Amino acid sequence: MYHKHPSALVETPRIGKDTRVWAFAHILPNATVGRDCNICDHVFIENDVEIGNRVTIKCGVQFWDGIRIEDDVFIGPNATFTNDKQPRSKRYLRDHPLTVLRKGCSVGANATILPGLTVGQEAMIGAGAVVTRDVPSFAVVTGNPARISGYVKTRAHGPNGASVQPARRAFSPAQKRRFERISGTAIYDMPVITDLRGSISVGELGSNIPFVPQRYYVIFDVPGKEVRGEHAHRECHQLLVCIRGSVSVVVDNGKAREEISLNTPAMGIHIPPMIWATQYKYTADAMLLVLASHKYDPADYIRSYDEFLNALRSR
Ligand code: T46
């Protein structure tokens, strides 16, 4: 049994138990709406629309054909969805691109989602954002066009956070510190020696380089709002050192995430295999040096977050 306000127009028989449909909402005959949803005033739901359980839809939202909404999604008032990239009056698409809102994500008030995109699980779309690309799981996106500005439920280690040692001290066997929550990911001190001639930063196999490198590469000239990485490696270990400027690295072991700001050649982060890693917030002058334990092999990359989670489960 669901609740329907006397002024709502509900044509579909597929509405889950305990869902509430409020005044002037209109749901077409072939739509599906799950259990315990809240569908507020002036919501319109077309036919080829599937809505999961415990979904909240605030006032004034329209869902067009091709929209799929998984469980526990929140949609703020007047958020706008679209299903035709090049709409023309009186011209109709035979098939609409699928827009998928994954479990637990939130869409802020008045945000606009372009057609055919996927918003990842627990992602957060800021109010008024215009979403033009897929949004990765757990990402926070804001602005027009929407860009990643952070990650939800991610412990941050700021540039001057307690976990980062001052750079200037004498060379000694490096101390390795492990983050408590991301198993296997470690921060290394890369000692810096400074004298009147300038500074030198050192890494040595066995003390603060934890594997035998087969390759290095440097990432630089990254436009400030770009996000790189977003993958895991199956076998390859990597040590990332930001030798100029700063960049933020988000590491995710499938259970928890941490964000580490690399802003000095005095620290490196070791990312072992099977950690999902993302780099963003590059400053214009950033130079990211990466040592890798293996030669370049595209087959070593896992580029889908779902595939990463499945691979973790099957280990
Ligand atoms: C990582 C982060 C930190 C090569 O041909 N050889 C190489 O050794 C590398 C690393 C890349 N490439 C080619 C492959 C692509 O055509 O360079 C292009 C850009 O690579 P990608 O899109 O993988 O760049 P990022 O910044 O997303 O990721 C890179 C590394 O690939 C990755 O292992 O952990 O930097």
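What percentage of all Cα-Cα pairs in segment 1-50 are separated by more than 12 Å? Don't skip to the answer; put the middle values down first.
Working: 666 of 1225 pairs.
Roughly 54 percent, rounded to a whole number.
Taking 8 Å as the Cα distance limit and 6 or more residues as the minimum spacing, I'd like the relative contact order of segment 215-295 as a percentage. List each step's numbers first, then the result.
On the way: 214 pairs, mean separation 40.3, N = 81.
Result for segment 215-295 is 50 percent.
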Please list, in order along segment 28-41, the HN-Hα scalar couplings obtained from phi with the Karplus expression 6.51 cos²θ - 1.76 cosθ + 1.60 (θ = phi - 60°), rounded to whole Hz, x for Gly and Pro. 6, x, 9, 6, 10, 10, x, 7, 6, 8, 10, 10, 7, 4
Have a look at N47, T283, T142 and report the one farthest towards the positive end of the charge dipole of the chain, computed about the Cα centre with Cβ charges (Lys/Arg +1, Asp/Glu -1). T283
So which aspartates and glutamates pass the test for K225, namely a Cα distance under 19 Å, with those fewer than 8 places away in the same chain ruled out? D134, E259, D285
Within the accessible area of the chain, what % is carbon and sulfur when the probe is 1.4 Å and the other protein chains stay in place? 52
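Taking only protein heavy atoms into account and a 1.4 Å probe, give the accessible area per residue of the chain in Å². Walk me through the numbers before you get to the answer.
On the way: 15870 Å² over 315 residues.
On a per-residue basis, the chain sits at 50 Å².
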Prolate/oblate/rounded label for segment 1-152 (Cα gyration tensor, a/c 1.5): oblate
Could you sort 119-126, 294-301, 279-286 so that the peptide with the highest average Cβ count within 10 Å comes first and the rest follow in order? 119-126, 279-286, 294-301
Checking G268, G150, G224 against a Gaussian network model of the chain (alpha-carbon springs below 10 Å), the top fluctuating residue turns out to be G224
Express the Stokes-Einstein translational diffusion coefficient of the chain in µm² s⁻¹, to the nearest whole number, given a Kirkwood radius over alpha-carbon pairs, 25 °C and a viscosity of 0.890 mPa s. 112
Asserting the computed 222 nm helical MRE of the chain (DSSP H runs at least 4 long, -39500 (n - 2.57) per run, divided by residue count, to nearest 500) equals -1000 deg cm²/dmol
Size-normalised alpha-carbon gyration radius of segment 206-315, reference 2.2 N^0.38 Å: 1.03
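The values are calculated or read from the model by the stated rules, or taken from the named source; none is laboratory data. None of these values were measured; they are calculated from a predicted model. Every residue, glycine among them, receives a Cβ derived from its backbone with ideal geometry; neighbour counts consider all protein chains shown. Ligands, DNA and RNA are stripped out before the accessible areas are found, and what is left, the full protein with its side chains, is counted by its heavy atoms. Shrake-Rupley method; radii C 1.70, N 1.55, O 1.52, S 1.80 Å.
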